[in-house]
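Read-outs throughout are calculated quantities, based only on the coordinates presented, and are distinct from any laboratory measurement. Bear in mind the structure is a predicted one, so any value in this text is a computation, not a measurement. Cβ placement follows ideal geometry from the backbone for every residue including glycine, while neighbour counts extend to all protein chains displayed.
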Number of protein chains: 2
Amino acid sequence: MTRTRLTAEERHDQLIGAALTAFTTGGYAGTTTDQVARLAGVSQPYVIRLFGTKQQLFIATVEHASHRIEQRFRAAAEVQADLATLGAAYDDLLAERELITVMLHGFAAGADPAIGPVVRACFGRLYETVRELTGADPQEARDFFAEGMLLTVLGAMNVIGRDAVAPERWMTDLVGSLDLPEAMRGAEGPG
Amino acid sequence: MTRTRLTAEERHDQLIGAALTAFTTGGYAGTTTDQVARLAGVSQPYVIRLFGTKQQLFIATVEHASHRIEQRFRAAAEVQADLATLGAAYDDLLAERELITVMLHGFAAGADPAIGPVVRACFGRLYETVRELTGADPQEARDFFAEGMLLTVLGAMNVIGRDAVAPERWMTDLVGSLDLPEAMRGAEGPG
DNA sequence: CAACGTAGTTATCGGCTGATAACCTGTCAA
DNA sequence: TTGACAGGTTATCAGCCGATAACTACGTTG
């Protein structure tokens, strides 16, 4: 019954992945370390051993998500360095749900004195990255993030994305008024 | 030691107010019914008695917040029925923090099967209200809500609003690039 | 004043949850 | 082979939390 042994670093990465999934669904306070452990196939105390506290696990997860979003922006900008291309990359991230939604849970927990500084730093870094990559001025960048936050909230509410509910009138008015074929991916068939 | 007895309806309203404050800080899962009870000066079991479950209390709180936001929009539109005026009303709400932030916590909990339908209905109703009041077309309304969601997230992270942290460069770039004297109210002096 | 409905309390509990401690086990070097 | 370190586990717990049950007190009405 001996499971394959991994290095601490491999296990660390795997646990971040499990935490990403778990925290996406339940948020910080609504997720237990045992849920994360089961997803990763390890015992709950081992999760605590590797990360110290649940809070540190959450912070590591948010930072990981932010970093991966940044990577996706950079990859997109290598193809074409404008806001439209980064917007398309964001639509892809939205369809995958996890990275974006876990960030929203981080933002919502931003009043916590330990989590607040982390999520503010992540947001600021993403803002700087977008401006650096695209050369957007403050107003353009602001519009970009505004639209991003709207889509993020709609994704968290399952108005768009993988597990989207049956669309009502206002949803199509809100979402359908612009080109988002990727973001609606989950509403139709398998990707 | 006999406290002033209130009617069930008065106590109900008072508890919603306490829940608004409590859930704003901790979100749904991160807030206890005892915290709400203490804020209102009643015992924890009585909170459960009046609302059935914690979940129903949260739902009632979110619906109350949504309704009050709608009222503020309607009041603003009576003065001048355009998006700029409603935007100014939203800035006031942001400065007060509670109504807006508790809505964000509701959105973040939108994956919950019991909470999701409620917050989607609230969002849809606010969307319809804004369009009805201002006559905005879908694209204009979308831009309005996009900016609103950005400000909402920034408020939850304490980038703007009453308890805002010391501003960094990216924050002033993001926020300062447009006319928001009211939203920065808390960063300067007493209101 | 009796009595009854409504407002509210204290007592209590089962279950969960994060965290600690102690122990076990695979693997590699000498 | 043996030791020793790194990767894990089982056992356990103290505290919290939502919820239930049973009881108490206020005040109004006839």
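Hey, got the dipole for the protein assembly as shown? About the Cα centre, +1 on K and R Cβ, -1 on D and E Cβ, debye to the nearest 20? Present the calculation step by step, with values, prior to reporting the outcome.
Numbers: 34 positive and 50 negative charges, 395 e Å.
Computed charge dipole of the protein assembly as shown: roughly 1900 debye.
Between B:R169 and B:D92, what is the label-to-label distance in nm when each label sits 7 Å out along the Cα-to-Cβ direction?
Computed distance between label sites B:R169 and B:D92 equals 3.7 nm.
Can you compute the modelled spin-label distance between B:Y46 and B:H12, with each label point 7 Å from Cα toward Cβ, in nm?
Distance between label points: 1.6 nm.
What dipole magnitude, in Debye to the nearest 20, does region A:38-135 give about its Cα centre under +1 on Lys/Arg Cβ and -1 on Asp/Glu Cβ? If you can, show how the numbers build up before the last one.
Details: 10 positive and 11 negative charges, 95 e Å.
In total the dipole reaches around 460 debye.
Estimate the FRET efficiency between B:R38 and A:T25 by the formula 1/(1 + (r/R0)^6), using the beta-carbon distance for r and 35 Å for R0, to the nearest 0.05. Before the final figure, lay out the partial values.
Numbers: r = 30 Å, r/R0 = 0.85.
In this case the efficiency is close to 0.75.
Neighbouring Cβ atoms within 10 Å as the yardstick, rank A:L50, B:L86 fewest first. Before the final figure, lay out each step's value.
On the way: A:L50 16, B:L86 23.
Placing the least packed residue first, the sequence is A:L50, B:L86.
Starting from the Cα of A:T53, move 7 Å in the Cα-to-Cβ direction to define the label point; list residues of region A:18-36 whose amide nitrogen is under 16 Å from there.
Once the point is set 7 Å along Cα→Cβ of A:T53, A:28-30, A:33 turn out to lie under 16 Å by backbone N, inside region A:18-36.
Evaluate the charge dipole of chain B about its Cα centre and quote only its size in Debye, nearest 20, assuming +1 on the Cβ of each Lys and Arg and -1 on the Cβ of each Asp and Glu.
Details: 17 positive and 25 negative charges, 202 e Å.
Once rounded to the nearest 20, the dipole reads 980 debye.
Quick check for you: which residues of region A:135-151 have the amide N under 19 Å from the point 7 Å beyond the Cα of B:D143 toward its beta carbon?
Only A:136-151 pass the distance filter.
Given a Förster radius of 22 Å and the C-beta distance between A:E78 and A:A121 as r, what FRET efficiency does 1/(1 + (r/R0)^6) yield to the nearest 0.05?
Details: r = 25 Å, r/R0 = 1.11.
Working from the Cβ atoms, E equals 0.35.
What does the helix-only formula give at 222 nm for the protein assembly as shown: each DSSP H stretch with n ≥ 4 adding -39500 (n - 2.57), the total divided by the residues, and the result rounded to the nearest 500 deg cm²/dmol?
Working: 18 runs with 262 residues, N = 382.
The helix contribution divided over the protein assembly as shown gives -22500 deg cm²/dmol.
How do B:V175, A:V165 rank when sorted from fewest to most other Cβ atoms within 10 Å of their own Cβ?
Values: B:V175 21, A:V165 15.
Ascending Cβ contact count within 10 Å gives the list A:V165, B:V175.
Taking the Cβ of each residue in A:R120, A:R72, A:R5 as the centre, tally the other Cβ atoms inside 10 Å and list the residues starting with the fewest. Please list the in-between numbers first.
Values: A:R120 21, A:R72 17, A:R5 7.
Ordered from fewest to most neighbouring Cβ atoms within 10 Å, A:R120, A:R72, A:R5 come out as A:R5, A:R72, A:R120.
Per residue of region B:49-60, what does 6.51 cos²θ - 1.76 cosθ + 1.60 with θ = phi - 60° give for ³J(HN,Hα)? Whole Hz please, x for Gly and Pro, Karplus curve as stated.
Each residue of region B:49-60 in turn: 4, 6, 10, x, 9, 4, 4, 5, 4, 4, 4, 4 Hz.
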